[in-house]
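The values are calculated or read from the model by the stated rules, or taken from the named source; none is laboratory data. Not measured: the values here are computed from a predicted model. Don't worry about glycine lacking a Cβ; one is built from the backbone with ideal geometry, like all the others, and counts go over all protein chains shown. Quick note on the areas: whole protein, heavy atoms, side chains included, nothing else; ligands and nucleic acids left out. Shrake-Rupley method; radii C 1.70, N 1.55, O 1.52, S 1.80 Å.
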Amino acid sequence: MLEPAQEVLAGQEAWVVGGAVRDELLGRELVDLDIAVRDPRQAARAFAKRSGGAPFALSEQHGAWRVALEDGRTIDFTPLPEGSIEDDLAKRDFTLNAIARPLAGGDRVDPFGGRADLEARRLRAVGESVFRDDPLRLLRAVRLEDELELQLDDETEALVRRDAELVTRPAGERILAELRRLSAGGFRRLDGLGLLAPLGGTIDDRLDRWDSWDYRLAAVFGDGLRRFPVSNELRRFAAALLRAEPPQLDARSIHRFRAATEPWALEALAFAGASELGPAIEQARAEEPVEPLLRGDELDLPPGPEIGRLLAEIAEERAAGTIATREEALDYARRNAGAVRQDG
């Protein structure tokens, strides 16, 4: 990404800033690039034309533009304020993100000692008002601690605790983007700093039972997850976990559990504290018939929920071993059409 940017911005004042410089110093792969320039709109369009990316305004208020590349990487072009690059860096969140270097090459500018903080594995705020200026930084502080194995310095931690009540103010999409990247330890850190309760989250022993971002969100927020703009897929996932109750080991119980929780039956077992039943779930999956014994149009019934109910019951009886052939399935359907099962 650097070479095309250097080409299209040759002869202009342009600085690589923020997380890109930080990640270079840490030896991490450069995924996203942040460049401060005088005219972000023109720079983004020129870079997009050169790279084949898609340019769009990232913030009308602040004048930032982004170019999204086909491989998922992004390049942000932010306004370089009148004055010096130090003026831009003074508005950033943490010292390790307040380092810049000329896009064309040259010495880094590090007015707040960010490189020394990186070497000390220390996360330090640029100024006293950073969290009040943008409360999302409260969550970012914990996420950076978590991802980069850093530690808030005492003064910055005190600022986090002071401003913790502001954590609900950012847009839900921004909050969710930070939460999705936290480990179990990150959520515990949120809780310890007083940032989790205002968001509606709680910690219990379910948090560590499965290692995935979506699982942690469901474990921490439960029904409260609906207050965030999550996808329908994540809503269904959380609902499957929340209704999960440990099954018995017999084939019928395993089938019913899977019917209620697949494709997340293993995660639901973990949530319910019954991970020891995982092999039974895996076996049931491996033995799942490729084709059903009957299809809806073979039941000679009018369209409606009755067909779905009968097919589900037939599938359960098949899993339990009481039905094995198409003829037995048809016989079950004839005997039970319109009936209500007494065993749930």
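All distinct Cα pairs of the range 54-136 go into the 1/r average, and the inverse of that average, the Kirkwood radius, is 14.5 Å. Among GLY19, GLY11, GLY192, the residue with the largest mean-square fluctuation in a Gaussian network model of the chain, with springs joining Cα atoms closer than 10 Å, is GLY11. Note on the range 88-223: with neighbouring protein chains present and a 1.4 Å probe, carbon and sulfur make up 44 percent of its accessible heavy-atom surface. Across the range 209-344, Cα-Cα pairs farther apart than 21 Å form 51% of the total. Among ILE175, ILE85, ILE314, which one shows the biggest mean-square fluctuation in a GNM of the chain, springs joining Cα atoms closer than 10 Å? In this elastic network of the chain, the residue with the biggest mean-square fluctuation among ILE175, ILE85, ILE314 is ILE314. Close amide H contacts of PHE94 (hydrogens built in the peptide plane, cut-off under 5 Å, sequence separation of 5 or more or a different chain): VAL126.
For the range 81-199, the relative contact order comes to 22 percent (Cα pairs under 8 Å, sequence separation of at least 6). Put a plus charge on the Cβ of each Lys and Arg, a minus charge on the Cβ of each Asp and Glu, and nothing anywhere else: the dipole of the chain about its Cα centre is then about 600 debye. Across all Cα atoms of the range 176-224, the radius of gyration (one decimal) and Dmax (whole number) stand at 9.5, 24 Å.
Of HIS62, HIS255, the order by accessible heavy-atom surface (1.4 Å probe, DNA, RNA and ligands excluded), from most exposed downward, is HIS62, HIS255. When both the range 36-107 and the range 144-205 are represented by their alpha-carbon centers, they are found 27 Å apart. Relative to the longest principal axis of the Cα atoms of the chain, the long axis of helix 40-51 lies at roughly 60 degrees.
Using the Cβ-Cβ distance between GLU276 and TRP213 with R0 set to 22 Å, the FRET efficiency from 1/(1 + (r/R0)^6) comes to roughly 0.35. Of ARG209, ARG137, ARG28, which is the most mobile in a GNM of the chain whose springs link Cα atoms less than 10 angstrom apart? Most flexible of the set in this elastic network: ARG28. With one equal scatterer per alpha carbon and no solvent term, the Debye-computed log10 I(q)/I(0) for the range 73-196 at 0.12, 0.14, 0.17 1/Å reads -0.47, -0.64, -0.92. Over the range 143-259, the Kirkwood radius and the radius of gyration, each from Cα atoms, give a ratio Rg/Rh of 1.05. In the chain, the DSSP-assigned H stretches of four residues or longer account for a calculated mean residue ellipticity at 222 nm of -13000 deg cm²/dmol, using -39500 (n - 2.57) per stretch and the full residue count as denominator. The calculated FRET efficiency for ALA54 paired with GLU128, based on their beta-carbon distance and R0 = 35 Å, is about 0.35.
When the charge dipole of the range 12-110 is built from unit charges on Cβ atoms (+1 for Lys and Arg, -1 for Asp and Glu) and taken about the Cα centre, the candidate among LEU26, ALA14, ALA68 whose Cα reaches farthest toward its positive end is ALA68. Shape analysis of the range 201-248 yields a ratio of the Cα radius of gyration to the Kirkwood radius, Rg/Rh, of 0.95. Of LEU25, LEU9, the order by accessible heavy-atom surface (1.4 Å probe, DNA, RNA and ligands excluded), from most exposed downward, is LEU25, LEU9. Taking all protein chains into account, the per residue accessible area for the range 55-142 stands at 47 Å² (1.4 Å probe). For the chain, the alpha carbon convex hull comes to 190 Å³ per residue, rounded to a whole number.
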